[in-house]
Amino acid sequence: MRCDQTTAWKNLQHHAQAFQGFDLRTAFAADAGRAESLSQTAPCVFADLSKNHVDAATEVLLQALAQQTGLEAHRDAMFCGEHINVSEDRAVMHWLLRHPAGSLNGPLAAPLAQVHDTLNAMLAYAEQVRADAQITDVVNIGIGGSDLGPQMAVLALQDFALPGKRFHFISNVDGHELAGVLRGLKAESTLFLIASKTFTTVETMTNAHSALHWFKAQGGHDQARHFAALTTNVAAAAEFGISTTLGFWDWVGGRYSLWSAIGLPLAIAIGAAGFKDLLAGAHTMDQHFQTAPLAQNLPVRLGLLDVWYRNFLHFTSRSIAPYHSALRRLPAYLQQLEMESNGKRVDSHGQALTYGTSPVLWGEPGTNGQHAYFQMLHQGSDIVPMEFIAVKTPTHKLKDHHELLLANVIAQAQALMMGKDDAGGHRHFTGNRPSTFLLLDELTPASLGALIALQEHRVFVSGSVWGINSFDQWGVELGKVLAKDIHARIVSGVVAGLDSSTAALLQRVCRV
């Protein structure tokens, strides 16, 4: 049943009306156990949800909504390999990429065996590259999920990376990005990884051909040694001159592909053992999502909180603030995960929705954000739920830095909630601003895997309740199709048949 047709939806609407006077400070004063009851531990992650605009009754009503919309059956269908990506008639099995070998029977046993065959080949190749002292620079050329995931993870786990190798990520078709990276490289010491499922993505292949031209112009030889492909199109990669190819499957969406061969840059950085730890951490969160009751299921609680905020309290965005420098690309990664998955205006049957879906995600690492946009979060006219991510134990030994960092993140959550009275107005903080606090004991391959899987399943939960297909991305297609026509017109100078604005812009940039 679609969510807006359920009894729980109507009950939540009534609950939200009565909730308008809710105040976090009053809620904590009235309930000494609020922090404990609205906190929980999941694999590798502690979550404090107590500073959110919810109470026990809210969570009960949200769990009823999950039950009435069939969330648990939808989740189970995904883990059984059913084709829940209905618009593309595909299974959704990125979770299989981190499932232990030989642990499934029935129809999924064969795909799991293929997964581990590919994983073993990828990790063997990664170890080969790690042992090759001549290769000092690894350049990943991809875009979207073939860039954001591995880039985020390599940065996040830089303290576990092999010394002596540098990692570069090229995604933008803007030649300034590629040219800037190539200026600091030598052909004989560079490995290029071309990451494209179809080996036809325009931006990726444009950058790949330019990299190959540079390689040859620099006197590079043995192309097969210096180029590898992460693709299912082996024939196209071979035509390009690549003999080392690692593939994946159509049931792996781009934004869920870090766990596949797309994760090769990370495997080279942290090694086979580290990559297996990443997969193991994610698998523990998969098991939690599969088996924990709704009331103690952290991905479910977070996903339902997102629905509550978006549809009943009408908060339209969420800000992510990771208080760890190594997680600086996490907000960008989560933007794609959430907004490409759930930025939909029709349900899974193609019918228009009467309610909002994906919030806008944005953010920067703390404490940088405190000196940029936190002003709006504390005193702006819009309420933006915050999500703080902190790590208890640092990997560096610099005196006082980490204590100051943790003091800042805890203080920001406190300040958003408590506020400050000021009769003059300019220094008045209204407080009562919601936030979620996620804490990792350490930032390791395993804890990063669990954190990412948590976010994946959270997005699944909200998308499932909204009744949308979180696993297609038709919205990225139209602009790409039109760009082909515009590109030809830039070269030819022909503007006939265009709207006046597009024609005028084309004439201004036209080279002829």
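The values are calculated or read from the model by the stated rules, or taken from the named source; none is laboratory data. Model, not experiment: these values are computed from the prediction. We place every Cβ from the backbone using ideal geometry, glycine too, and count neighbours over all the protein chains shown. All accessible areas refer to the heavy atoms of the entire protein, side chains included, with ligands and DNA or RNA removed. Shrake-Rupley method; radii C 1.70, N 1.55, O 1.52, S 1.80 Å.
Round to the nearest 10 and give me the degree value, 0 to 90, for the angle of helix 7-18's Cα axis relative to the longest principal axis of the chain.
For helix 7-18, the angle is close to 60 degrees.
Restricting things to alpha carbons, tell me how big the range 92-193 is in terms of Rg and Dmax, in Å.
That works out to 16.6, 52 Å for Rg and Dmax.
May I ask which residue of Ile84, Ser196, Gly281 lies farthest towards the positive end of the charge dipole of the chain, with charges of +1 (Lys, Arg) and -1 (Asp, Glu) on Cβ and the Cα centre as origin?
The residue sitting most towards the positive pole is Ser196.
Would you kindly compute the Cα radius of gyration of the range 388-467 and its largest Cα-Cα separation (Dmax), both in Å?
Every Cα atom of the range 388-467 included, Rg and Dmax give 17.3, 50 Å.
Taking Cα atoms of the chain, Rg/Rh with Kirkwood Rh, to two decimals? Numbers along the way, then the final one.
Details: Rg = 24.2 Å, Rh = 24.6 Å.
Value, to two decimals: 0.98.
Could you sort out which of Lys51/Lys420; Lys276/Lys480; Lys10/Lys420 sit more than 26 Å apart by Cα distance in this structure?
Numbers: Lys51/Lys420 16 Å; Lys276/Lys480 36 Å; Lys10/Lys420 36 Å.
In this structure, Lys276/Lys480; Lys10/Lys420 exceed 26 Å between Cα atoms.
Need the C-alpha centroid separation for the range 145-181 versus the range 195-219, integer Å.
For the range 145-181 versus the range 195-219, the Cα centre distance is 16 Å.
Out of the range 100-205, which trypsin sites (Lys or Arg not before Pro) are coil in DSSP terms and have no more than 16 other C-beta atoms within 10 Å? Spell out each step's value before the answer.
Numbers: sites: Arg130, Lys165, Arg166, Arg183, Lys186, Lys197; in loops: Lys165, Arg183, Lys186, Lys197.
Passing sites in the range 100-205 are Arg183, Lys186.
How far is it, in nm, from the label point at Ser39 to the one at Val60 when both lie 7 Å from their Cα along the line to the Cβ?
2.4
Would you list Leu498, Leu182 from the most to the least accessible area, probe 1.4 Å?
The most accessible residue leads, giving Leu498, Leu182.
Out of the chymotrypsin sites (Phe, Trp or Tyr not before Pro) in the range 200-276, which ones are loop residues according to DSSP with at most 12 other C-beta atoms within 10 Å? Present the calculation step by step, with values, prior to reporting the outcome.
Values: sites: Trp214, Phe215, Phe227, Phe240, Phe248, Trp249, Trp251, Tyr256, Trp259, Phe275; in loops: Phe248, Trp249, Trp251, Trp259.
Answer in residue order: no site qualifies.
For Thr502 and Gln114, FRET efficiency with R0 = 45 Å and r from the beta-carbon atoms, rounded to 0.05?
Numbers: r = 46 Å, r/R0 = 1.02.
So, using R0 = 45 Å, E works out to roughly 0.45.
With only alpha-carbon atoms in the gyration tensor, what are the semi-axes of the equivalent ellipsoid for the range 331-460, in Å, largest first? Before the final figure, lay out the partial values.
Details: eigenvalues 172, 121, 22 Å².
For the range 331-460, the ellipsoid semi-axes come out as 29, 25, 10 Å.
So, with a 1.4 angstrom probe, what is the percent of accessible area on the range 225-316 that is carbon and sulfur?
Working: 1320 of 2550 Å².
Carbon and sulfur atoms account for 52 percent of the accessible area of the range 225-316.
In whole Å, what is the distance between the alpha-carbon centres of the range 301-375 and the range 448-512?
Distance between centres, Cα-based: 19 Å.
Extension gain Asp174-Ala217, at 0.36 nm per residue separation less the Cα-Cα distance, in nm?
The Asp174-Ala217 span can extend by a further 13.4 nm.
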